[in-house]
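The values are calculated or read from the model by the stated rules, or taken from the named source; none is laboratory data. From a predicted model like this one, the values you see are computed outputs, not experimental measurements. Neighbour counts run over all protein chains shown; Cβ positions are idealised from the backbone, glycine included. The area values use the complete protein model at the heavy-atom level, side chains included, leaving out ligands, DNA and RNA. Shrake-Rupley method; radii C 1.70, N 1.55, O 1.52, S 1.80 Å.
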Amino acid sequence: MINITFPDGSVRSYEQGVTGLQIAESISPALARDVLACGVNGETVELNRPINEDCSIALYKWDDEQGKHAFWHTSAHLLAEALQELYPGIQFGFGPAIENGFFYDVLLPNGESIKEGDFAKIEAKMKELAGKKEPVVRQEVAKADALKEFGAAGQTYKCEHIDQDLEDGSITTYTQGAFTDLCKGPHLLNTGAIKAVKLTSVAGAFWRGDASREQMQRLYGISFPKKKMLDEYLLMLEEAKKRDHRKIGKEMELFMFSEKVGKGLPIWLPKGTELRLRLQDHLRKVQKRFGYQEVITPHIGSKNLYVTSGHYAHYGKDSFQPIHTPEEDEEYMLKPMNCPHHCEIFAWKPRSYKDLPLRIAEFGTVYRYEQSGELHGLTRVRSFTQDDAHIFCRPDQVKQEFLNVMDIIDIVLTAFGFNFEAQISLRDPNDHEKYVGSDEDWARSEAAIVEACQEKGLKAKVEYGEAAFYGPKLDFMIKDAIGRRWQLGTIQVDYNLPKRFQLEYTDEDNTKKTPVMIHRAPFGSLERFCAVLIEHTAGHFPLWLTPDQVAILPISEKYNDYAAKLAKYFDTVGVRATIDLRNEKIGRKVRDNELKRIPYMLIVGEKEQADGTVAVRPQGGGEQSVMSMEDFAKKINDEVAEMTKKF
């Protein structure tokens, strides 16, 4: 017999070789019908995998990320199976599950290509195959046998992957029907659970992400266990199109991109710059209360700086190539991270235990090389600004500093009406090689995060294998207005970087000690945060934040002077106003300013000028009113004061 520990701490005994499905059946038939995969000691596996020793187990359903991942991973194989039948001679690349659905990279023979018009027949074939409830069979294979099998099938890219990336004794395949794929899993037991599928788009993708290699086609899709779920998802996609931050950002004149400037390099226009600066001011006020000092560091750094930090070894391929100085034998890099610079600030002068904690903050712009096919508006860019801060503290201060950062993130995110959940990201218990630092340091830092969450009463999901290479972290996920999840703020505990930089302080007993470092970014990056905020609000920002609170619309040129007088008065009392002086009919002015999402429009003509009043039209229509300019300004300022008093 073996002992199985469940998430609630309870323990049950089962015969050796029991499967996740049998365990689910022992609890209830309903659970057995709904469960999609299981976690054994933190590793997600199929439900028919035998369990031969004592372990902890979690049973994953559709609502669990791990359940969705197994579902969509199997759906990716189902897509490939359908394509294999429809397009003989097709070559397969990689086909993983992703955050929302799955994709498969393929190359058709003879220069053919898949177009959106082909989606319907591919979807029909997928549904036909799913209806057969084909078992998904896992098999461990030798490298030589895998090369022989995929070579016989003419799968050039699979053979290259086996030859270059896989080691004998670690290769598994999964077979459903007539389709076999290289894969680590996990998968569903069979294809029958896949009731609804939709291919969403097709794009180009270079093999292995290498622009010098062949360009394949990447087919994206999504699937669900019920058709109703697919229908709801498609409605959400339509709403997402309306909220697309790229479209709204253009209408509101917030930001732009220029091919001449370069791909993935956003340019912030005046209104967008106002938005960013106001976000920065909001965070500045909050973190000042918590004792932060702000710094500015260069946009480049010596390559040796990032070699010392370990970032070059772990992220070198994601960075821009080093810059070589023309005469000196030196190499510099565009800054991919702010933390090494902040370590040097700590090391600038001797530090005492009395100086700690030292809290250094920066709105630091960093640069990462993202492939052009992966760039997307403000959410995936090559230049972005992190609301970065690093806290250097004694080990006994870690938990309290962590708690303080949690308070900051709570204040910052709730100011925008976001509800958030948290994820504790820990080391992969089965692979310590990809992390730096001692097991003792990792144990201390992981315990500090777990204890801080317990003390705050914050329910946080634990994910193994999601930690940064230098330490565990707590990530904050928000749900936007249409139910999509976004990862924003993060806090990370780091015992390793201070050691790499040989940072030290003089302790109370006059000995030298190494500080602990906490990395912290409530917004994450201003670019990504603005994109999420735009899509969450559909561009209707809170009144305290929006670049323009008021648009003054004179009915004709005769009232431009009165409009200018109003704007000047509003400026003196802290109300942000813009004037539409175009020689257009008032209806056109209203429509155009609606697109700019300005909360209030003030229509002024002969009567308003004579009476010293404004005709107030709220964004989106609603009840209109006539007010004195003084009363209207008070109304705006009172609304802002009410919104901001909690933060």
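When only alpha carbons of segment 189-297 are considered, Rg and Dmax amount to 21.6, 58 Å.
May I ask which of Lys121/Lys198; Lys242/Lys479; Lys434/Lys499; Lys61/Lys226; Lys479/Lys645 have a Cα-Cα span longer than 19 Å here?
Details: Lys121/Lys198 11 Å; Lys242/Lys479 17 Å; Lys434/Lys499 17 Å; Lys61/Lys226 14 Å; Lys479/Lys645 24 Å.
Flagged as over cut-off: Lys479/Lys645.
Per-residue SASA remark: Glu642, around 110 Å² accessible (1.4 Å probe; ligands, DNA and RNA not included). Beyond 13 Å, the tail of the calculated P(r) for segment 253-313 holds 76 percent of the Cα pairs. Percent of C-alpha pairs per 10 Å bin in segment 117-184, short distances first: 19, 41, 28, 12, 0. Rounded to the nearest Hz, the phi-derived 3J(HN,Hα) couplings of segment 322-336 under the Karplus curve 6.51 cos²θ - 1.76 cosθ + 1.60 (θ = phi - 60°) are x, 9, 9, 6, x, 10, 8, 7, 9, 10, 10, 10, 4, 5, x, where x marks glycine and proline.
The residue list Ile248, Pro522, Val141 was ranked by how far each Cα lies along the charge dipole of the chain toward its positive end, using unit charges on Cβ atoms, and Ile248 comes out on top.
Assuming 1.002 mPa s and 20 °C, estimate D for segment 56-190 with Stokes-Einstein, Rh taken as the Kirkwood radius over Cα pairs, in µm²/s. The partial results should precede the final answer.
Working: Rh = 15.7 Å.
Value of D from the Cα-based Kirkwood radius: 136 µm²/s.
For the chain, the longest principal axis of the alpha carbon atoms and the long axis of helix 65-86 meet at an angle near 70°. The Cα-based radius of gyration of the chain, divided by its Kirkwood radius, gives an Rg/Rh of 1.01.
Among the GluC sites (Glu not before Pro) in segment 225-273, those located in a DSSP loop and surrounded by at most 16 other Cβ atoms within 10 Å of their own Cβ are Glu253, Glu259.
The residue list Leu79, Val286, Gly301 was ranked by how far each Cα lies along the charge dipole of the chain toward its positive end, using unit charges on Cβ atoms, and Val286 comes out on top. For Glu294, the residues 5 or more places off, or on other chains, whose built amide H falls under 5 Å of its own are Ala361.
Residues whose amide H comes within less than 5 Å of that of Cys38, counting only those at least five positions distant or on another chain, are Val45, Leu47, Tyr60 (H built at 1.01 Å from N in the peptide plane). Summarising the strand pairing of segment 1-160, around 90 percent of its internal DSSP beta bridges are antiparallel.
Rounded to the nearest 10 degrees, the angle from helix 156-165 to the longest Cα principal axis of the chain is 90 degrees. Between the alpha-carbon centres of segment 500-527 and segment 1-51 there is a gap of 42 Å.
Kirkwood hydrodynamic radius for segment 281-397: how many Å is it when counted over pairs of different Cα atoms?
Working: mean 1/r = 0.0627 Å⁻¹.
The Cα-based Kirkwood calculation yields 16.0 Å.
What the phi angles of segment 107-114 give under the Karplus curve with 6.51, -1.76 and 1.60, with θ = phi - 60°, is a coupling list of 9, 7, x, 6, x, 6, 8, 8 Hz, glycine and proline written as x.
Roughly how many debye, to the nearest 20, is the charge dipole of segment 141-264 about its Cα centre, given +1 on each Lys and Arg Cβ, -1 on each Asp and Glu Cβ, and no other charges? Intermediate results must be reported in sequence, preceding the final value.
Details: 20 positive and 18 negative charges, 131 e Å.
The dipole of segment 141-264 has a size of about 620 debye.
Against the chain, whose longest principal axis is taken from its Cα atoms, helix 143-152 shows a tilt of about 80°.
Ordered from largest to smallest accessible area (heavy atoms of protein chains, 1.4 Å probe), the residues Lys558, Lys512, Lys247, Lys635 come out as Lys558, Lys512, Lys247, Lys635.
Rounded to two decimals, what ratio of Rg to Rh does segment 500-647 give with C-alpha atoms and a Kirkwood Rh? Show your work: numbers first, answer last.
Values: Rg = 23.3 Å, Rh = 18.2 Å.
A ratio of 1.27.
Multiplying the residue separation of Asp507 and Thr325 by 0.36 nm and removing their Cα-Cα distance gives an extension gain of 61.4 nm. Residues whose amide H lies under 5 Å from that of Gly364, counting only those 5 or more places away or on a different chain, are Gln386, Asp388; hydrogens are built 1.01 Å from N in the peptide plane.
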